[in-house]
Amino acid sequence: MGIDRRALPGVNVVCDFEKALPFRDGTVVGAYSIHSIEHLHDLNSFMEELYRVCAPRAKIFIKTPYYASRKAFVDPTHVRFMTEESFEYFKSPNYYGLKTNFRTVSIEYNMRKPFKFFPSYFQKRFRRYLWNVCEEMTVVLETVKP
């Protein structure tokens with residue numbers, strides 16, 4: 001099922017993510033967010049709403065530009081830059097008192113050539129200390145609920 005703010009081909013549900021998701025509590029077992037969270041002004045409220053509609057152990061796949069990539073900065077509609085650590089704020093307990101509890105299952109990186117051919121130990125250092133070596137990341141979260 002496709003969900004977007006605009007009625008586009010493949011979109012079944014039109015809604016404003018920053019207001020509410022039109023689903024009952026605990027009914028969503030999987031969700032994909034492909035290059036959308038970097039556009040949200042209130043990510044905390046969206047993540048709380050996403051947590052509300054997710055069933056226990058629901059998988060959330062999030063693809064977003066990496067904070068130190070050119071892709072993160074060229075789009076003037078991007079309002080935030082995401083790192084691996086950004087998703088740690090949505091565990092429980094969290095610093096902001098958010099009503100979320102997501103566990104990070106995995107993170108994959110889309111590294112540019114030639115950096116993608118190096119072992120992961122070196123890729124981590126390249127991502128941390130060099131600009132534009134990683135274009136985007138895909139984070140898989142799982143909802144932790146009783």
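Taking the 0 to 90 degree range and rounding to the nearest ten, how far is the long axis of helix 43-53 tilted relative to the main principal axis of the chain, both from C-alpha atoms?
Relative to the chain, helix 43-53 is tipped by roughly 50 degrees.
How do Cys134, Cys54, Cys15 line up, fewest other C-beta atoms within 10 Å first? Could the numbers behind the result be given before it?
Working: Cys134 24, Cys54 27, Cys15 14.
Sorted ascending by nearby Cβ count, the order is Cys15, Cys134, Cys54.
At a 10 Å Cβ-Cβ cut-off, how would you order His41, His35, His78, fewest neighbours first? Display every interim value, and only then the final one.
On the way: His41 9, His35 14, His78 18.
Neighbour counts put them in this order, fewest first: His41, His35, His78.
Measure up Lys91/Lys116; Lys59/Lys99; Lys99/Lys124; Lys19/Lys145; Lys71/Lys145 against 25 Å on the Cα-Cα distance and list the ones that go over.
Numbers: Lys91/Lys116 29 Å; Lys59/Lys99 17 Å; Lys99/Lys124 31 Å; Lys19/Lys145 23 Å; Lys71/Lys145 34 Å.
Where the Cα-Cα span goes over 25 Å, the pairs concerned are Lys91/Lys116; Lys99/Lys124; Lys71/Lys145.
In degrees from 0 to 90, rounded to the nearest 10, what is the angle of the helix 120-129 Cα long axis to the longest principal axis of the chain?
So the inclination is approximately 90 degrees.
Grab the eigenvalues of the alpha-carbon gyration tensor for the chain, scale each by 5, take roots, and send me the semi-axes largest first in whole angstrom. List each step's numbers first, then the result.
Details: eigenvalues 147, 68, 38 Å².
Semi-axes from the Cα gyration tensor: 27, 18, 14 Å.
In debye, nearest 20, what is the charge dipole magnitude of the chain about its Cα centre with +1 on Lys and Arg Cβ and -1 on Asp and Glu Cβ, if you could check? Mind showing how you got there, number by number?
Details: 22 positive and 16 negative charges, 99 e Å.
Dipole of the chain, to the nearest 20 debye: 480 debye.
Add +1 for every Lys or Arg and -1 for every Asp or Glu among the other residues with Cβ under 15 Å from the Cβ of Leu21, and state the total. Before the final figure, lay out the partial values.
On the way: positive: Arg5, Lys19, Arg24, Arg52, Lys99; negative: Asp4, Asp16, Glu18, Asp25, Asp42, Glu48, Glu49.
Residues near Leu21 contribute -2 overall.
Among Phe73, Phe46, Phe117, what is the fewest-to-most ranking by other Cβ atoms within 10 Å? The partial results should precede the final answer.
Working: Phe73 13, Phe46 19, Phe117 9.
Fewest to most other Cβ atoms nearby, the residues stand as Phe117, Phe73, Phe46.
A short reminder: the numbers here are calculations on the coordinates, not readings from a lab. As the structure is a computational prediction, the values presented were derived from the model and not from experiment. Methodologically, a virtual Cβ is constructed for each residue, glycine included, from the backbone with ideal geometry; neighbour enumeration extends over all protein chains shown.
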